[in-house]
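Working notes, structure below.
The values are calculated or read from the model by the stated rules, or taken from the named source; none is laboratory data. Please read these numbers as outputs of a predicted model, since none were measured by experiment. Glycine also receives a Cβ, built like all others from the backbone with ideal geometry; neighbour counts cover every protein chain displayed. Please note that ligands, DNA and RNA were not included when accessible areas were found on the heavy atoms of the full protein model with its side chains. Shrake-Rupley method; radii C 1.70, N 1.55, O 1.52, S 1.80 Å.
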Amino acid sequence: MRLVIATLLGAVVTTPALAAWQSLPTTGATVNGSSIEFFDPLKIGEGPLSVPGSQPPHNALDAYQLPAQLSIVAQRVSNIVLDGSAIGQTAGVAYTAGTLRDYVLRDTSASGANRLVFATRAILNNTVAGTQNVYEINNLLRKGFNGFAVEAAWTRGSDRDLRLYNAARSATLFGQGTRTYDPDTVLMQSDINVSEGNPWSGWFFVRTNAPYCTTAPNSVQLYQAGEEGQPLVLENFAGFRPLAAVDSDNDGIPDGVEDGNCNGVLDAGETDPNNADTDGDGLQDGTELGITTPVPDPDGGGPLSGTNVALFVPDADPSTTTNPRDRDSDDDGVADGAEDGNANGRLDAGESNPNARDTDGDGLQDGTELGVTAPIADPDGGGPLRGTNAALFVADVDPATTTLPFDIDSDDDGLADGVEDANANGRLDAGETDPSKADTDGDGLQDGTELGVTTPVPDPDGGGPLLATDPALFVADLDPETTSDPLDLDSDDDGLGDGVEDANANGRLDVEEGGQALLTANTTPPETDAVNADTDGDGIQDGTELGITVPIADPDGAGPLTGTDPGVFIPDADPATQTNPLAIDSDGDGIADGIEDANANGAYEPDQGEYDPLDPGSAPGAAAPTQVPLPPWALALLAAAIAGVTQRRGRSRRD
């Protein structure tokens, strides 16, 4: 019924008094409206005026908005294209007779309970090819409602709209006899035509309990019954139709969720209901989105199907998700499925995290650690899918070397990979150590030991999949106050490799074993100082005292590593004789080795006025003194050595 209210201005506003959605029987029986809107059970109230305060009649095409409780989910507009023979024009030529609006709405009212509403409005052109349009719509049919409850209603878009005469669940067209039940079809009758002054239909609504919608061919039909002598014509249109909770691609996501706007096209923000792995990254869409349970079969043993559990991969860790439209969710150059190797949605041992560019947090991107040199290309150009964001990706400049993206300290030297590869480009550059090699310069000492590291990098997740320094492999520096150069085989340029000087590779100058002093004359030393070319301070380089004749070669030419600096190194001119680099006075004659070997070249040259540092009775000539007094500083050092005191001289890093 309708309640008629006269306004002060004399305008007439109509509001339904008892209007309600009418349930359509499952017998094919017709629910009739009324030509008197006061009594029309199918009519619901119009939406607000598009131009507030405008005066009636409201004859503009969209004078009224949709009712406020009906929010738009999806919409499409199709041209009503007919063969000329259907409308009195040239046969075999296509003509546009009007437009068909097809909407999916959601009823947000309390009674609507968020159910979907399929809405149709037909708008005919006044003329076709310069003559009056004779096309007539007697039936408007919607398909796809089998298995769903259906209610019908209508409202106006303008005061010129023609009403809905009646509705039924039937496919029996106007003039074809008694209507019979068709569970798939909702038939709505009207008489839309130009000649009778009814070129526009109202909004014809079908409300249903279907959970989703989709687009399919032959979803909407228009029937011309030939009341004015026209031929009988049934035209089919693609359009929206209801959709059960089915899962065509078995990824655990209902088709209607994947195609959120129901248009049957993969749009931005959607996944493909016909492709379990929309972006082709090796992970199912449902797994990427945290789906743990399959879609149940919506009709038991009926024709519809939910998720095939034999194909579905549940997410083993739904607390973390990736982007099913992005092959590289974290933009590290590694596809999501390559990072999640077993495709179960969880970070397991031996995998990197597809949702974190730097899985282990060591300062290097996963792709850089794995030798990736190029980003993953966008698979569809300007389409909804994506690859690696090149602005975030860091290519590996040296893919021949790789580190572990799930291990903070790949080489277990106590230095995080990102600390060693400071510029994070995957290449060993000047001033950096090699994160894939515990001993970058190959001198026998771990990089961390040379740099004063005393504790390993801790495991970041306990028993989890991430790793850090292996304590069984790590060698702590026992004297972190002194450091050597992990890029220089010979930090002090005395011709002895750092690992030769620090023989037990513990970072400390050890001069005692079993409590016995070794800083005494004529004793073979266990270690020399790797950062002090003259460990005992006697004026002769350690390498010269030990018979070294050639410097350690630069291991990589112009690369970041270095050997002995020839400009500093003094080769032994007589390697057949050697003195003790830990004894200031190797022969115990009270004269420091460097005073006896005055030019510090390791050769006894009496003609140069030198004494033999290995012979306490040597002299440069017959009248030479057998003893030369030592300076006070040398005497003090010698006294300490003879007393057996362990002397550790301070070391410092080379510039």
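Numbers for the structure displayed
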{"read-out": "Segment residue 60-residue 267, extension gain: residue separation times 0.36 nm, minus the distance between their alpha carbons", "value": "71.2 nm"}
{"read-out": "Set of segment 189-218 residues, backbone N closer than 19 Å to the point 7 Å along the Cα-Cβ line of residue 238", "value": "213-218"}
{"read-out": "Percentage relative contact order, the chain, counting C-alpha pairs under 8 Å, at least six apart", "value": "7 percent"}
{"read-out": "Length added when fully stretched, residue 470-residue 99, from 0.36 nm per residue minus Cα-Cα", "value": "126.3 nm"}
{"read-out": "Relative contact order for segment 371-477, counting Cα pairs under 8 Å that sit 6 or more residues apart, in percent", "value": "25 percent"}
{"read-out": "For residue 213, residues with placed amide H under 5 Å, excluding near neighbours", "value": "243"}
{"read-out": "Computed E for residue 293/residue 113 - FRET, C-beta separation, R0 25 angstrom, nearest 0.05", "value": "0.55"}
{"read-out": "Accessible carbon and sulfur surface of segment 393-504 relative to its total accessible area, %, 1.4 Å", "value": "58 percent"}
{"read-out": "In Hz, Karplus ³J(HN,Hα) per residue of segment 530-545 (6.51, -1.76, 1.60; θ = phi - 60°; x = Gly, Pro)", "value": "6, 10, 9, 4, 10, 4, 8, x, 8, x, 10, 4, 4, x, 5, 5"}
{"read-out": "Accessible area of segment 116-195 belonging to carbon and sulfur atoms, whole % at 1.4 Å probe", "value": "46 percent"}
{"read-out": "Nearest-ten-degree value, helix 632-642 long axis tilted from longest Cα axis of the chain", "value": "80 degrees"}
{"read-out": "Karplus-derived 3J(HN,Hα), 6.51/-1.76/1.60, for each residue of segment 431-439, Hz, glycine and proline x", "value": "x, 10, 9, 8, x, 9, 9, 5, 10"}
{"read-out": "Normalised contact order of segment 291-403, rounded percent, pairs of Cα under 8 Å and 6 or more residues apart", "value": "24 percent"}
{"read-out": "Estimated 222 nm signal from helices in the chain, with DSSP H stretches of n ≥ 4 weighted -39500 (n - 2.57), rounded to 500", "value": "-1500 deg cm²/dmol"}
{"read-out": "Alpha-carbon centroids, segment 384-448 and segment 526-546: separation in whole Å", "value": "35 Å"}
{"read-out": "Cα centroid separation - segment 24-41 against segment 123-164, whole Å", "value": "16 Å"}
{"read-out": "Accessible carbon and sulfur surface of segment 214-319 relative to its total accessible area, %, 1.4 Å", "value": "54 percent"}
{"read-out": "Accessible surface, the chain, averaged per residue in Å² (probe 1.4 Å)", "value": "41 Å²"}
{"read-out": "For segment 478-492, 3J(HN,Hα) per residue [Karplus equation, 6.51 cos²θ - 1.76 cosθ + 1.60, θ = phi - 60°, Hz, x = Gly/Pro]", "value": "7, 9, x, 6, 10, 9, 10, 9, x, 10, 10, 5, 9, 4, 9"}
